[in-house]
1. What's the number of the condition L4 fails, among (1) modelled with pLDDT under 90; (2) within 30 Å of L118 (Cα to Cα); (3) surrounded by 12 or more Cβ atoms within 10 Å (Cβ to Cβ)?
2. Pull up the stretch 67-80, narrow it to residues that are surrounded by fewer than 18 Cβ atoms within 10 Å (Cβ to Cβ) and closer than 24 Å to L115 by Cα, then point me to the one that is farthest from the chain's Cα centre (by Cα).
3. Return the residue satisfying two criteria in turn: it lies in the stretch 33-42 and is assigned to a helix (DSSP H, G or I) and in contact (Cβ under 8 Å) with a residue 24 or more places away in the chain, and of such residues it is surrounded by the fewest Cβ atoms within 10 Å (Cβ to Cβ).
4. Would you tally the residues in the stretch 84-93 being farther than 30 Å from L14 by Cβ and either aromatic (F, W, Y) or not in a helix (DSSP H, G or I) (or both)?
5. From the list H23, H60, which one is assigned to a loop (DSSP other than H, G, I, E, B) and at pLDDT 95 or above?
6. Residues Q30, Q57: which one is surrounded by fewer than 17 Cβ atoms within 10 Å (Cβ to Cβ), of a type outside the set (D, E, K, R) and closer than 25 Å to A98 by Cα?
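The values are calculated or read from the model by the stated rules, or taken from the named source; none is laboratory data. Please read all numbers here as calculations on a predicted model, not as lab measurements. Positions of Cβ are generated from backbone atoms using ideal geometry, with glycine treated the same way; all protein chains shown enter the neighbour counts.
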Amino acid sequence: MNLLSRREHGRAELCRKLLDKEHPRDEVDQALDRLEELGLLDDERAAHGLARYWATQRRHGPMKLRNSLREKGFQPGLVERAIDAIDLDWAAQARDLAESRRLDLEDPRQRDKLLRFLLGRGYPMALAVAALQALNAE
């Protein structure tokens with residue numbers, strides 16, 4: 001219960017955490033089933049909440065969201081639904097993120113550094129390049 005009071009967890013993540021604390025597997029499964037029955041554990045709600053938080057607060061791109069949610073143990077279909085549910089202009093967010101770095105785009109090394117930064121944040125190459133081009137045009 002303490003883990004769920006901090007933030008939403010998916011079933012797979014919560015199961016892994018409880019098993020890491022050496023709780024018996026059958027007790028963990030029973031507890032997770034009971035939490036789902038009570039509505040305290042919901043993979044759909046957890047995936048949507050995490051995706052929305054990472055996209056808006058941490059400004060992660062769709063590729064990083066996809067990988068992070070899969071690492072948490074969410075099913076691929078659920079991951080795609082959670083990312084699709086985020087009403088966000090990814091191109092504008094990539095552009096704003098690039099602009100916030102305040103690097104000199106005339107310098108090829110700094111431009112490459114900014115491109116790597118955007119790619120590392122999970123933006124596809126096309127969006128990252130478009131963000132740099134938009135900044136260059138300004």
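1. (2)
2. N67
3. Of the stretch 33-42, the ones assigned to a helix (DSSP H, G or I) are 33-37.
Now restrict to residues that are in contact (Cβ under 8 Å) with a residue 24 or more places away in the chain: 35-36.
On the way: L35: 17, E36: 13.
Ranking the candidates gives E36 first.
4. Qualifying residue count for the region: 1.
5. Working: H23 fails: at pLDDT 95 or above.
Going through H23, H60 in turn, just one is assigned to a loop (DSSP other than H, G, I, E, B) and at pLDDT 95 or above: H60.
6. On the way: Q30 fails: closer than 25 Å to A98 by Cα.
Matching residue, one of Q30, Q57: Q57.
Conditions tested, residue by residue: (1) assigned to a loop (DSSP other than H, G, I, E, B); (2) under 13 Å from the mean Cα position of the chain (by Cα); (3) not polar (S, T, N, Q).
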site	(1), (2), (3)
R16	no, no, yes
W54	no, yes, yes
L65	no, yes, yes
A82	no, yes, yes
R95	no, no, yes
E106	yes, no, yes
L115	no, no, yes
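Matching residues to (1) on the phi > 0 side of the Ramachandran plot; (2) among the small types (G, A, S); (3) touching a residue at least 12 places away in the same chain (Cβ under 8 Å):
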site	(1), (2), (3)
R52	no, no, yes
N67	no, no, yes
D89	no, no, no
A92	no, yes, no
R102	yes, no, no
D107	no, no, no
L118	no, no, yes
